[in-house]
Structures are given as structure tokens and as C-alpha cells.
1. What number of residues within the stretch 138-184 are closer than 30 Å to Thr107 by Cα and among the aromatic types (Phe, Trp, Tyr)?
2. Looking at the stretch 233-292, which of the residues that are among the β-branched types (Val, Ile, Thr) and at pLDDT 90 or above is surrounded by the fewest Cβ atoms within 10 Å (Cβ to Cβ)?
3. Any residue that is within 30 Å of Phe168 (Cβ to Cβ), touching a strand residue (DSSP E or B) at 6+ places or on another chain (Cβ under 8 Å) and of a type in the set (A, V, I, L, M) - is there at least one of those in the stretch 212-226?
4. If Ile164 passes every condition in (1) under 18 Å from the mean Cα position of the chain (by Cα); (2) among the β-branched types (Val, Ile, Thr); (3) surrounded by fewer than 17 Cβ atoms within 10 Å (Cβ to Cβ) but one, which one does it miss?
Amino acid sequence: MVRRLRRASLCALSLYLSFVMFSSAGDTNASQPMNLFVDIASNRLADEVDLSKKKRLDLAGVPVVLGGKRQDGAAPSIAAGVAGTFDFDLGSNVSMKTSGLVSRIHTDNGTGILSSGKIGGDVALKYQEGGSGLLLKPSVYASMQRDVLDHMDYALESKLWQAIGANFDLTATVGQSWRVSEMLYTDNRQAGNGRLGVNIDLFDGSNLELAYGFNTTDGPLASHFRFSQGPTMIAHLKLAPGWSLDGSYSMTAVTRGYDDNHADARRHDLNHRLNVKSDWSIASTTGAEWHISAGYDFEQTITDAPVQNPANHVASVNFGLNF
């Protein structure tokens, strides 16, 4: 009885969060607070309707966002529903933003039509005064398979930011989420994350961000356990008119379970990732209609697993000419 009451209460809360107010699905427009959406995922259907990007249609006064994407090796599907957001100004530096989603997906797997659905939403409460602010965001989503409740997703996110002087911003985020399966106990999950970062304004719109974060996931089985943590550095430098350099580096230490029969059995990985990209619009200094970009990506994972992963190096140079 208690479980049924909990499920009914959560579904009612999902409906409430979904229908408070809606706006565009993937297309923000304050003058249209509610939009229906249709997304087609199929090579053939996407080619026939020629949808390279989302389009807005007006059907009898009802805004509809129509989109499509091509996919290889996957069954064709179509998703339709209504989604959106709405902002409330509560005064005294307090605001609230509600978001909701009601969707249904039909997939043709060759033997029949499979149906699934999702309903839910979130409420973001924000307090901001000057360079300080606090955000709290609870959310509830229900997922269904063949019109039967499959699982519930709950989450609570929080964010705190504080300006320190004219060139420094300190940001801290913490979040916790839960997945409760109504079908399989082993599908239950709980996850947490946190991040502390400082953003430094440099010269001419350049900035540097330094952060340290963690993520953790756990479930009923020992193999579900995963904990990762590490620092990140992100830089955006405007070196000259039309020339910018972007780079990021992260080092992530990962501890994960891999043996359900031995809960203390752990495997450890250390991941290094470096990304550098340079972008130069030659027209800004020479008048020539050329645009050059170059990039380099490096990733290596050191693990105590029996098989080691090789380091990956990817470099590219692109030239563009305006006609």
C-alpha cells in the first residue's frame, strides 16, 4: 500500500511539474510559452522530409517544432510530445523557472511497434544579488515501457557562485540523483557529483578556469560502483585580432568495481586528456577571405587492467575561403 501511494504521489508530481507551463522543445521563444514537437529518427524518413535542422510550423495557431536526424543501423522511430519552460519573478532577488516534458516514442524494430514514454519536469529556484547567487533545482521524471511504469528518476542539484573582486568568480556545484526501477532491482542506481572552480578574467576577453570535480555511481551490484575525481584547466586566449587559442587539460583518477562476487575488488584508471584549438580569421588583419583553424587532441588511459589502452593522437588543419 505504501509503495502504491508513493508511486501515485510521484506520478502526480511529475504531471504537475510538466504542465505548469511549457515553451519550445529545443527552441527558446518567450512569446510562445507552449510548443508541440515531432522528431523523426530514420535515414529514409529524414531524407524524405529534408530536415537538416529543426523547423517551426504554425498549425491552426498551435506552434509545432519539427525535426529529424539520420541514424545508421538503428530502427526508425518517431517521438512526439510537448515541452518547455516558464520564468517567474518572485521579487526580492528571487526567481523560479519551471520546465516540463511529456513525450512518447514509437519504434519499429521489424517485429512490431515498441512504445515508450517520459513525463516529468523540474523547478529551479534562484537567489541572486550582485555577484552572489544560489540555485536549487529538484526534478522528477517517470519513464514508461508499453504504457507500464518502468522507472523513476529523481535529482537535486545546487549551485553557489560568488564574485571575488573584479576578475575572479568562484563557483561550487553539488548534485545527487536516484533511479528507482519498478521492474528490476538491479537497475536501481544512485549517483553524486560535485565541482569547485574559479574563473579568472584575463586580457581582451580572455579567461582561465581552474576546477576540481568528482563523480560517483553505485548500485545493487559490486560492478556498479564507480568513483572518479580530478582537476581541469580550461583557457580561452585572444592573442590578436581575429586569432584565438582554446585549450583544456584534465586528469581523472577512476576507481571502479568489476567483480560482483567480490565487493572489495577494484580496478583503477588514470586518464589524461589534452585539447588545443587555434582559430584565425585572416580577413581581420589582411583583408584576405581566408579562415584557418587547427586542432590537436591527446588522450591516454593508464590502467591496472591486464590490457593497456594505447595513447590517441588526433591533429587537424582546416582552410576556408569565402566566395
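1. 3
2. Taking the stretch 233-292 and keeping what is among the β-branched types (Val, Ile, Thr), we get 234, 252, 254-255, 276, 282, 285-286, 292.
Then keep just the ones that are at pLDDT 90 or above; that gives 234, 252, 254-255, 276.
On the way: Ile234: 17, Thr252: 18, Val254: 17, Thr255: 14, Val276: 16.
Here the residue is Thr255.
3. The answer is no, given that none of the residues of the stretch 212-226 is within 30 Å of Phe168 (Cβ to Cβ), touching a strand residue (DSSP E or B) at 6+ places or on another chain (Cβ under 8 Å) and of a type in the set (A, V, I, L, M).
4. (1)
To keep it simple, each residue is scored yes or no on (1) in a strand (DSSP E or B); (2) more than 23 Å from Ser177 (Cα to Cα).
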| site | (1), (2) |
| --- | --- |
| Gly197 | yes, no |
| Asp204 | no, yes |
| Ser223 | no, no |
| Leu239 | yes, yes |
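The values are calculated or read from the model by the stated rules, or taken from the named source; none is laboratory data. Since the model is a prediction, treat every value here as computed from it, not as a measurement. Using ideal geometry, Cβ is built from the backbone for each residue, glycine included, and neighbour counts are taken over all protein chains shown.
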